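Quick notes on the structure that follows.
The values are calculated or read from the model by the stated rules, or taken from the named source; none is laboratory data. None of these values were measured; they are calculated from a predicted model. All Cβ positions, even for glycine, are placed from backbone atoms using ideal geometry, and neighbour counts span all protein chains on display. For the accessible areas, the whole protein counts, side chains as well, though only heavy atoms, and no ligand, DNA or RNA atoms are used. Shrake-Rupley method; radii C 1.70, N 1.55, O 1.52, S 1.80 Å.
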Amino acid sequence: DVTCLNGVGERVNVTRDATTGGVDFSEVAPASSAAALPITCTFTNREQVPKLRIQKDLESVEGATTDDITVTYRITATNDGTLAGTTGRLVDTPAFAPGLTLRSAAIATSLEGLRSAREQNRAATYVLTQGTNVAPGESATWFIRMTVARDKAAAGYSESALECVSSNGRMTPKRGLYNSVAGPYDHDGAANNEACAPARPRTIRIEKAGTQPVGTANEDG
């Protein structure tokens, strides 16, 4: 909105073009005095953005104890406000432990869609959306699936770093399969924008021992 007053505080008749934002002074009456001559206009702008809650969750992990890992994360943007609007640019950033090398990533709006989604090469960040409109009370969801290779010879590799670690309610980057998402209109903080999965190998030896029956068998066989 715009309000215009003359030099003595009287409101003057101006119109505004809603498309261009320009102000038309052609209908303003001549100034009644030199003091009334200056015109001052005040513009009032209202923020038209949704109240978004962006959350990241671990959807699934396959092969977490092997050298070939597939990890899938779910990202949900929920409009907790009363105004519809865009999510803005949502960016996903992996920060895996040393030795867990990202090979590729695929992005889709459903788990089924990941099957045919384009495989993207290794990158520092991945754009989930440049902006998706979300109505009040509604949500939009994305899935990102990453293939990861374990390299035990990599610098800094250690089994302790393959576990997820949290401190003061936040996950720690460069531990396990840490991943985060960020967007411009997230209203509830970054703590729920993170997800992690452990990727520590488990070397297990299974042995079975038995006894040769001697004498009378037990009643229960």
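DSSP loop trypsin sites (Lys or Arg not before Pro) in region 120-155 with at most 10 other Cβ atoms within 10 Å of their Cβ, which ones?
Values: sites: Arg122, Arg145, Arg150, Lys152; in loops: Arg122, Lys152.
For trypsin sites (Lys or Arg not before Pro) across region 120-155 that sit outside H, G, I, E and B with at most 10 neighbouring Cβ atoms in 10 Å, the list reads Lys152.
The smallest convex shape that holds all Cα atoms of region 63-161, its convex hull, gives 117 Å³ per residue. Computed from the Cα positions only, the extents of region 113-221 along the three principal axes stand at 78, 41, 37 Å, in decreasing order. Remark: region 172-221 carries 75 Å² of accessible area per residue (probe radius 1.4 Å; ligands, DNA and RNA excluded).
Give the whole-number value, in cubic angstrom per residue, of the convex hull volume spanned by the C-alpha atoms of the chain. Could the numbers behind the result be given before it?
Working: hull volume 56.4 nm³, N = 221.
Hull volume over Cα atoms, normalised by residue count, gives 255 Å³.
Springs join every pair of Cα atoms under 10 Å in this Gaussian network model of the chain, and among Cys41, Cys164, Cys196 the largest mean-square fluctuation is at Cys41.
Using a probe of 1.4 angstrom, how much of the accessible area of region 62-115 is carbon and sulfur, in percent? Write out the running numbers ahead of the final one.
Numbers: 1040 of 2170 Å².
Heavy-atom surface of region 62-115 belonging to carbon and sulfur, 1.4 Å probe: 48 percent.
How many percent of Cα pairs in region 62-110 exceed 13 Å? Pairs farther apart than 13 Å: 72 percent.
With the alpha-carbon atoms of region 1-87 aligned to their principal axes, the span from lowest to highest coordinate is 86, 20, 20 Å, starting with the largest.
Rolling a 1.4 Å probe over the protein chains gives Asp80 an accessible area of about 70 Å². In the full protein context, region 1-156 carries 57 Å² of accessible surface per residue, based on a 1.4 Å probe and ignoring ligands, DNA and RNA.
The trypsin sites (Lys or Arg not before Pro) of region 153-221 that DSSP puts in a loop, and whose beta carbon has at most 15 other beta carbons within 10 Å, are Lys174, Arg202, Arg205, Lys208. Among the GluC sites (Glu not before Pro) found in region 1-69, those both in a DSSP coil and sparsely packed, with 16 or fewer other Cβ atoms within 10 Å of their Cβ, are Glu10, Glu27, Glu47. Build a GNM of the chain with springs between Cα atoms under 10 Å apart, and of Ala191, Ala77, Ala199 the one that fluctuates most is Ala191. Take the chain, connect every pair of alpha-carbon atoms lying under 10 Å apart with a spring to form a Gaussian network, then pick out the residue of Ile107, Ile69, Ile204 with the largest mean-square fluctuation. The residue that fluctuates most here is Ile204. Sites count as exposed loop sites when they are chymotrypsin sites (Phe, Trp or Tyr not before Pro), lie in a DSSP loop, and have at most 16 other Cβ atoms within 10 angstrom; the longest stretch of the chain without one is 26-156.
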